[in-house]
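The values are calculated or read from the model by the stated rules, or taken from the named source; none is laboratory data. Everything numeric here is computed off the predicted structure, so don't read it as measured data. Virtual Cβ from ideal backbone geometry, glycine too; neighbours counted across all protein chains shown. Only protein heavy atoms, including side chains, enter the accessible area calculation; ligands, DNA and RNA are left aside. Shrake-Rupley method; radii C 1.70, N 1.55, O 1.52, S 1.80 Å.
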Amino acid sequence: MATDSETYILFELAGTTYGIPSSSVQHVEMLEHVTLVPNAHRAIDGVVFSRGQVIPALNLRVRFGFPREEHNLRTRVLFTRIQQRTVGLIVDSAREFKKIPPQSIRPIEEALTGIAKNYLKGLTTLNDRLILIPDLEAVLDLDMDESLANSLSEVIARANAPSTETSATTH
C-alpha cells in the first residue's frame, strides 16, 4: 500500500525550520497590525483582523520559550483551525510548501533522547535540513496550559461581542 506525501508549510522560528500540514492552515498573511488585548496570556500578542474576522494572534516564539523579537517584513501569520478555534500563529517567516512522506517523520522520543516533546510531534530531514513538526493540538492544549486556554477563550469572546462603543480609548 503506497502512502502519499502530504504538503507542509515550512516556517522559521528562532533560526529553526518547522513544518505544519497545509491542510491545517486556512491561509497565510503578512503581519500588518496586532491590536493589544488587556490581561491576555503573555504568548498572545493580541488580535488581528483577517477576512472579516477578529482572530487571536499567538506568538509562537513566546509560546515555545524563545525571546520575543520585533516583527518585520518577513513576519507571517499562519491562520490555523485548532480545537474548533481559528488562531493566527505569528512566525518569523513562512514561504515554502514541501511534500513530506509520512514515513519520513520520526517521533521526537525516538529521534532525540532527553528532549521533552511538549509541543513537538516529530522531525524529519529534507535535503539535509532538519524540520521539526509541531503538535498543533499541544500548542493550545487546555490541560497543559489552562491560563492560555482561558485567555484565548476570553479574547475570542471579547472580539466577537457586539461593540457598544464606536471609538476605543487608551489609558
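Within region 60-87, the set of residues being modelled with pLDDT of 95 or more and not in a loop (DSSP other than H, G, I, E, B) comprises Arg76, Val77, Leu78, Phe79. For region 35-56, filtered to residues that are in contact (Cβ under 8 Å) with a residue 24 or more places away in the chain and outside any strand (DSSP E or B), the residue that is least open to solvent (accessible area, probe 1.4 Å) is Ala43. With respect to Arg61, is the statement that it is open to solvent by less than 60 Å² (accessible area, probe 1.4 Å), closer than 14 Å to Val139 by Cα and out of contact with any helix residue (DSSP H, G or I) (no Cβ under 9 Å at 6 or more places or on another chain) true? Spelling it out, Arg61 is indeed open to solvent by less than 60 Å² (accessible area, probe 1.4 Å), closer than 14 Å to Val139 by Cα and out of contact with any helix residue (DSSP H, G or I) (no Cβ under 9 Å at 6 or more places or on another chain). Residues in region 72-88 that are without any contact (Cβ under 8 Å) to a residue 60 or more places away in the chain and within 15 Å of the chain's Cα centre (by Cα) were compared, and the one that is surrounded by the most Cβ atoms within 10 Å (Cβ to Cβ) is Gly88. Apart from one condition, Thr7 fits all of (1) of a type outside the set (D, E, K, R); (2) under 14 Å from the mean Cα position of the chain (by Cα); (3) assigned to a strand (DSSP E or B); the exception is (2). With respect to Arg95, determine if the residue is under 25 Å from Leu36 (Cα atoms), at pLDDT 70 or above and open to solvent by 50 Å² or more (accessible area, probe 1.4 Å). Judged against the criteria, Arg95 is not a match.
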